[in-house]
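The values are calculated or read from the model by the stated rules, or taken from the named source; none is laboratory data. Everything numeric in this text was worked out from a predicted model, so none of it was measured. Please note: Cβ atoms are built from the backbone with ideal geometry, for glycine as well, and neighbour counts cover all protein chains shown. All accessible areas refer to the heavy atoms of the entire protein, side chains included, with ligands and DNA or RNA removed. Shrake-Rupley method; radii C 1.70, N 1.55, O 1.52, S 1.80 Å.
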Amino acid sequence: MSGLVDALVVVVVAVLVLARQFRATPIDGERRWWLLPAILAVVALREPGILDDRHHTASALLLGAELLVGVATGAGWAWTTRIWSEPDGTVWSKGSTASVAVWVVGIGLRAGLFALGAAGGVHQDSSVLLLGLAGTLLVRAGILAWRGRLPRPAVNSGRAYGDSTLAPAGKERV
């Protein structure tokens, strides 16, 4: 794929993931939560040029920093996501305003890394962003799947989610 197509894939996946984070969604620990990140990583790694031939060490360091930012963003996003269980045992999650802050900081750090590389004359392929996004999604999904298996009291309020009169007693606050 070309750099433009990779960039479009990154934007589309990020928009879809961000839009889903603010809807209450069930956590299914049995589904293949690692599949989308694995596909993104394969797409990113199959392209040559993920490292700049003229600045091999600098581009490798920038790639490593991008992966660290991706892992930290995924972990921060997962830990700022609210998780609760319904009386039927279904575990749900929904992003919080702190999740937005994690995303903003992560995007800022990624922009800073790109600017640092550009200032040093390092060519940075869009595959680096795709690989960082894969790391973010993998870490987030893994932590949420793990958190979803932890025991928690069931919400027993008899109200639908989103009823703003009172917060359910079993809802985990971040």
With the condition kept exactly as written, say whether any residue in segment 94-110 is out of contact with any Lys or Arg (no Cβ under 7 Å at 6 or more places or on another chain), open to solvent by less than 40 Å² (accessible area, probe 1.4 Å) and basic (Lys, Arg).
yes
So Gly70 passes all but one of these: (1) surrounded by 15 or more Cβ atoms within 10 Å (Cβ to Cβ); (2) in a loop (DSSP other than H, G, I, E, B). Which condition number does it fail?
(2)
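Suppose we filter Gly148, Gly170 for residues that are in contact with a Pro (Cβ under 6 Å, 6 or more places away or on another chain), open to solvent by less than 20 Å² (accessible area, probe 1.4 Å), among the small types (Gly, Ala, Ser) and modelled with pLDDT under 90; which single one remains? Quick ask: steps written out before the conclusion?
On the way: Gly148 fails: in contact with a Pro (Cβ under 6 Å, 6 or more places away or on another chain).
Of Gly148, Gly170, the one residue that is in contact with a Pro (Cβ under 6 Å, 6 or more places away or on another chain), open to solvent by less than 20 Å² (accessible area, probe 1.4 Å), among the small types (Gly, Ala, Ser) and modelled with pLDDT under 90 is Gly170.
Just to be sure, is Leu62 at pLDDT below 90 and open to solvent by less than 30 Å² (accessible area, probe 1.4 Å)? I'd like the intermediate steps shown before the answer.
Numbers: at pLDDT below 90: no; open to solvent by less than 30 Å² (accessible area, probe 1.4 Å): yes.
No, not satisfied.
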Only residues that are free of Cβ contacts under 8 Å to residues at least 24 places away in the same chain and within 10 Å of Val128 (Cβ to Cβ): list them for segment 36-55, please.
Leu51
Residue that is of a type outside the set (Asp, Glu), within 18 Å of Ile107 (Cβ to Cβ) and open to solvent by 60 Å² or more (accessible area, probe 1.4 Å), where the choices are Val17, Val12, Val42
Val12
